[in-house]
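See structure below.
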Amino acid sequence: MNIHSSGRKIYITQYDVLSVVCFIRLIIHYLTIYQPSIITKMLSNLNNKTIVLASGSPRRQQLLKDMGIDFIIELRSIDESFPESLPAHEVAAYLSQQKSFAFKDKELNNKIVITSDTTVCLGDEVLNKPASIEEAKEMLEKLSDNEHQVVTGVTIRTQGKEKTFSTISNVKFKKLDTEEIDYYVNNFKPLDKAGAYGIQEWIGFIGIERLEGSYFNVMGLPTQKLWEALKEF
């Protein structure tokens, strides 16, 4: 092959072209096949199963994606109330099971459904998602200068098989002043978050004094425990 450049001839052989093509194919193979195949091999027990994440939470969706797991999203609505007699630290696991039961057994042929729920517990009190801006501010005032527990319950379910577990992280807020609480709530509108805050947001950067346990659990998905549970499922 002859290529003319500035009056000079540059010779490129078919072997040069073949080398470039092979290199490009190698890159494409690595990016689109090789990496996912490693994850598939590590989770070989789940082969031929479609993993369904039953959550509309962008945070859970991103965390599962970052774990390298292929999944689809299917949502079901449930009544998220729970028995008053239920201990606060058991609520998350209970609700994750209820979300799982929204899928009928016959729907789970060749599917593995992951459901999850996160609660914030201050002693025996469960702080759910705030219903208003004012309630969000009240929740943060309660959490200010106190240690609380973030509990995420996860249920993995397929036809004839189910596993439910929960993970607890201990979180300590500094004493938040009114200006900090007002700024966070008014600007970040944390009405979709249990306890009225997201650890990955501004309030987490400036307000969290201490964390014991999984950071990702506080975000909404205990990734390490979920990975081990999927490997053993």
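The values are calculated or read from the model by the stated rules, or taken from the named source; none is laboratory data. Predicted model only: the values in this text are computed from it and were never measured. Note: ideal-geometry Cβ built from the backbone for every residue, glycine included; neighbour counts use all protein chains shown. Ligands, DNA and RNA are excluded from the accessible area calculation, which covers all protein heavy atoms including side chains. Shrake-Rupley method; radii C 1.70, N 1.55, O 1.52, S 1.80 Å.
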Check: What percentage of the solvent-accessible surface of the chain, computed with a 1.4 Å probe over protein heavy atoms, is contributed by carbon and sulfur atoms?
Finding: 52
Note to self: Which one, 77, 63, 101, is farthest towards the positive end of the dipole of segment 55-108 when Lys and Arg carry +1 and Asp and Glu -1 on their Cβ?
What the structure shows: 63
Note to self: Suppose every Lys and Arg Cβ carries +1 and every Asp and Glu Cβ carries -1, with no other charges. What dipole size does the chain come out with about its Cα centre, to the nearest 20 debye?
What the structure shows: 1660
Next item on the list: Report, in degrees rounded to the nearest 10, the 0 to 90 angle that the Cα long axis of helix 133-143 makes with the longest principal axis of the chain.
Entry: 80
Notebook entry, point to check: Which GluC sites (Glu not before Pro) in segment 126-216 pass both tests, a DSSP loop state and at most 16 other beta-carbon atoms within 10 Å?
Noted result: 201
Next item on the list: Evaluate the relative contact order of segment 52-187 (contact order divided by residue number), counting alpha-carbon pairs under 8 angstrom at least 6 apart; express in whole percent.
Entry: 24
Next item on the list: With a 1.4 Å probe and every protein chain left in place, work out the accessible area per residue of the chain in Å², rounded to a whole number.
Entry: 57
Notebook entry, point to check: When the chain is treated as a GNM, springs tying every alpha-carbon pair under 10 Å, which of 151, 218, 185 comes out with the largest mean-square fluctuation?
Noted result: 185
Check: If you take the charge dipole of segment 104-233 about its Cα centre, with +1 on Lys and Arg Cβ and -1 on Asp and Glu Cβ, which of 132, 226, 166 is farthest toward its positive end?
Finding: 226
Check: Across the chain, where is the longest run that never hits trypsin sites (Lys or Arg not before Pro) in a DSSP loop with at most 16 other C-beta atoms within 10 Å?
Finding: 105-173
Note to self: Using the Karplus curve 6.51 cos²θ - 1.76 cosθ + 1.60 with θ = phi - 60°, what ³J(HN,Hα) values do you get for each residue of segment 197-211, in whole Hz, with x for Gly and Pro?
What the structure shows: 7, x, 4, 7, 9, 3, 4, x, 5, 9, x, 8, 8, 8, 9
Checklist line | Whole-Å distance, taken between Cα centres, linking segment 164-191 and segment 87-132 | finding: 20
Next item on the list: Let me know the charge dipole size of segment 44-118 about its Cα centre in debye, to the nearest 20, where only the beta-carbon of Lys, Arg (+1) and Asp, Glu (-1) is charged.
Entry: 320
Next item on the list: For segment 83-90, take each phi angle, set θ = phi - 60°, evaluate the Karplus expression 6.51 cos²θ - 1.76 cosθ + 1.60, and give the result in whole Hz per residue in order, putting x for glycine and proline.
Entry: x, 5, 7, 6, x, 3, 6, 9
Notebook entry, point to check: Once label points are set 7 Å from the Cα along Cα→Cβ at both residue 131 and residue 109, what is their separation, rounded to one decimal in nm?
Noted result: 4.3
Next item on the list: With a/c under 1.5 counting as rounded, go ahead and sort the chain into rounded, prolate or oblate using the C-alpha gyration tensor (a ≥ b ≥ c being the square roots of the eigenvalues; past the cut-off, prolate if a/b is larger than b/c, else oblate).
Entry: oblate
Notebook entry, point to check: Helix 178-188: angle to the longest alpha-carbon principal axis of the chain, degrees 0 to 90, nearest 10?
Noted result: 50
Next item on the list: Kindly identify segment 129-176 as rounded, prolate or oblate by the Cα gyration tensor criterion: order the square roots of the eigenvalues as a ≥ b ≥ c, call it rounded if a/c is under 1.5, otherwise compare a/b with b/c, prolate if a/b is larger, else oblate.
Entry: oblate
Notebook entry, point to check: Roughly how many nanometres apart are two label points built 7 Å out from the Cα toward the Cβ at residue 122 and residue 71?
Noted result: 3.0
Margin query: Below 16 Å, Cα to Cα, which aspartates and glutamates can residue 189 reach? Residues fewer than 8 away in the same chain don't count.
Written below: 134, 135, 138, 141, 179, 180, 201
Next item on the list: Classify segment 50-129 as rounded, prolate or oblate from the Cα gyration tensor: take a ≥ b ≥ c as the square roots of its eigenvalues, call it rounded if a/c is under 1.5, otherwise prolate when a/b beats b/c and oblate if not.
Entry: oblate
Margin query: Give me, ordered by chain and number, the residues 5 or more places off residue 50 or on other chains with an amide H under 5 Å from its own placed amide H.
Written below: 111, 112
